[in-house]
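None of the figures in this text is laboratory data; all of them are computed from the coordinates on show. All figures in this text were calculated on a predicted structure; none of them were measured in a lab. As a convention, Cβ positions derive from the backbone with ideal geometry for all residues, glycine included, and neighbour counts pool all protein chains shown.
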DNA sequence: ATGAAAGCGCTAACAG
DNA sequence: CTGTTAGCGCTTTCAT
């Protein structure tokens, strides 16, 4: 493609018979321009189809009004929903989202140049796993970094998440109360802090409840891994009767695995997940789940990356925790002892 | 946040004891720098943590290596998947995605300034509906615009989609062959060209097959709209026994609506959708669907927006059509007359 | 209120 | 191969 020719403020100024500064002022909120000048400028701008170029401004101020959002799998409905809400919120705040797809944590290095190159104002990582090494590299950029759903804290690196330990404990309580006796926990990928904390809270609370240690199942947050885990479990003797899954996508797969094996939920196995994605409420699932209160998580994230008092703290690294809210549906309804 | 101070090539040059140009050349692919200079520069750059700034380059060349992607609902798994694959492909091509969330077509105007302001190299619209008015406004930007899944064609505006007319006809064939006799079509939102073409192809082919005109159901591509449509239809007399849905999300809702009403698929009603999203293969659904061959659609899109011969044509507006591929699953399996 | 001029960090053209 | 210089399109002093 040949060199593009865009209309510049100089072009507009020439046509309007004013200085280039006058054009700039006309398009700057709250600058002092006489009504007469403004009208001349606007007329010229309209006739030339002038659109101010943000790049010089970004160049001078080192503020691009671009926020990089690093995602792993947008195909996980939870992250799709987060991305959608986050993008909308950021647009309302006058910022843009630069979407960055990160296949694995290793690929992150290649991404650093781009983040730095565009002088993005902040980085939000919605990656399940973010290694301390990567975090260190991000620190060096000296821009606010927020780990959505993480718990890393370092200079310039903050985290915003639900209280996963508490939500893990509450999962144990809920399953116990619903009549579960032989527990299991289906994990996400090994490095994920969310999965670790949920599991830790779960295991600890079971101990408090004087229940046996749960069967630990491994997964990777995917539907398929949940389905596979269920098929492994239906053979086990004794079979667990209450399973907490580290996320909903895997939980839905787990339910379908049970279904395929002819095992019913909640009658034979209670199932509980995290994220409260839309599909939980779908007819064949009715999955009980913890809602992460995404709007609140996003609000906190914005406070940390946008200008303001909170952004100052964020430079030192902050850990924000929001309570999760249990949404009980059919898969944890106690058939024998209904909750009154 | 106070003025950021970034390391510039001048800083590096000073430390390395070379000219600023030498630094620039060191970071420019294929520029002539002696090995000695390169090493001095790299050492200085490393010690200062220098990262080249893309903004000046973008400013001079009017090429930002940013591609704007406008999406409506990323929560639709089909678009989530498209976004994921597209972002990855664009990154491989050295471009970045600027994600733009568009609530409604009206909001598009507000978005124009941003697209122009960042001097994005191209715009890809993955919106279900894009009015000719908006398209006209986009034309004026004089950057390649590609309507993903659309069929608009204008100066600078191209479209890439499956052959929806053909896929509509094939849906009629397939349902007819599977034993359907009383047909229905569940539409997406009124303005969507995809829904229109699929429906038109469907209706025409039924006529050719000498079948009655299908019952027309209205929806909006959402799960809920599909579910509601099914509940309306189960009361109808005579009830349709073969339904083509304009997209899978609505088709899944339709299946769940049938389920709730105690109507079985495929035994009582054949159901067919479009998009072949991951959930189609989930245990309780097994939905037959048309695969859009997203990788190929993306390849075509990239050809139109990235530099090259195809990009030249794109300025005049191009219509690219890719054949869809039917993926037959349980919901269209003829119980009486199985396909051999 | 307005114009002139400087300068952000880089690339490209030119001279050596 | 390397340094000097100009300039991309803005915003921001500084005069007037």
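A compact table of results
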| item | result |
| --- | --- |
| At 7 Å out from Cα toward Cβ: residue B:239 inter-copy label distances (nm, ascending) | 3.1 |
| DSSP beta bridge pairing in the stretch A:128-269, given as percent antiparallel to the nearest 5 | 10 percent |
| Fewest-first sequence of A:114, A:239, B:264 by Cβ atoms within 10 Å of each Cβ | B:264, A:239, A:114 |
| Gaussian network model of chain A, Cα within-10 Å springs - most flexible of A:209, A:287, A:304 | A:209 |
| Debye-sum result for the stretch A:254-340 in log10 I(q)/I(0), which assumes one identical scatterer on each alpha carbon, at q = 0.13 Å⁻¹ | -0.58 |
| Chain B: antiparallel DSSP beta bridges as a percent of all, rounded to 5 | 10 percent |
| Rg(Cα) / (2.2 N^0.38 Å) computed for the stretch A:186-232, rounded to two decimals | 1.22 |
| Residue B:46-residue A:153 FRET efficiency (beta carbon distance; Förster radius 30 Å; 0.05 resolution) | 0.65 |
| Within 10 Å of each Cβ in A:112-119, the average number of Cβ atoms from other chains | 6 |
| Between 0 and 90°, nearest 10: helix A:294-305 axis offset from chain A longest Cα axis | 40 degrees |
| Chain A: translational diffusion in µm²/s, Stokes-Einstein, Kirkwood Rh over Cα pairs, 20 °C, 1.002 mPa s | 95 µm²/s |
| Along each principal axis, Cα extent of the stretch B:79-121, largest first, Å | 31, 23, 8 |
| Pseudo-label separations to other copies for residue A:61 - Cα-to-Cβ vector, 7 Å, nm | 2.6 |
| Fraction of beta bridges assigned by DSSP in the protein assembly as shown that are antiparallel (%, nearest 5) | 15 percent |
| Residue with peak Gaussian network fluctuation, chain A [Cα springs, cutoff 10 Å], from A:253, A:30, A:94 | A:30 |
| Cβ-vector label at 7 Å, residue A:10, separations to other copies in nm | 2.0 |
| Linear extension gain, residue B:39 paired with residue B:21, 0.36 nm per residue minus alpha-carbon span | 5.0 nm |
| Gain on full stretching of the segment that runs from residue A:110 to residue A:29 - 0.36 nm per residue minus C-alpha separation | 25.4 nm |
| P(r) of the stretch B:148-219 over all Cα-Cα pairs, binned every 10 Å from zero, in whole percent | 21, 47, 24, 7, 1 |
| Calculated over the protein assembly as shown: convex hull of Cα atoms, volume per residue (Å³) | 198 Å³ |
| Nearest-ten-degree value, helix B:248-260 long axis tilted from longest Cα axis of chain B | 40 degrees |
| Exercise: per-residue mean of other protein chain Cβ atoms within 10 Å, B:93-100 | 5 |
| Residue mean of other protein chain beta carbons inside 10 Å, B:74-84 | 6 |
| Residue list for the stretch A:267-283, given a label point 7 angstrom along the Cα-to-Cβ vector of residue B:260 and an amide N cut-off under 17 Å | A:278-283 |
| Efficiency of FRET from Cβ geometry, residue B:103 and residue B:327, R₀ 41 Å, rounded to 0.05 | 0.80 |
| Residue of A:153, A:25, A:198 that the Gaussian network model of chain A assigns the largest fluctuation, springs spanning Cα pairs under 10 Å | A:25 |
| Chain B: angle of helix B:164-177 to the longest principal axis, Cα-based, in degrees nearest 10 | 30 degrees |
| Packing-based ranking, highest mean first, of A:211-218, A:270-277 given that Cβ atoms within 10 Å are counted | A:270-277, A:211-218 |
| Shape metrics for the stretch B:277-326, restricted to C-alpha atoms - Rg then Dmax, Å | 15.5, 47 |
| Approximate spin-label separation residue B:309-residue A:5, in nm, with each point projected 7 Å along Cα-to-Cβ | 2.8 nm |
| Value in Å of the Kirkwood radius, where the stretch B:56-199 supplies the Cα pairs that are averaged | 16.6 Å |
| Sorted by Cβ density within 10 Å, fewest first, the residues A:248, A:133, B:220 | A:133, B:220, A:248 |
| Sequence of A:147, A:245 once ranked by neighbouring C-beta atoms within 10 Å, starting from the fewest | A:147, A:245 |
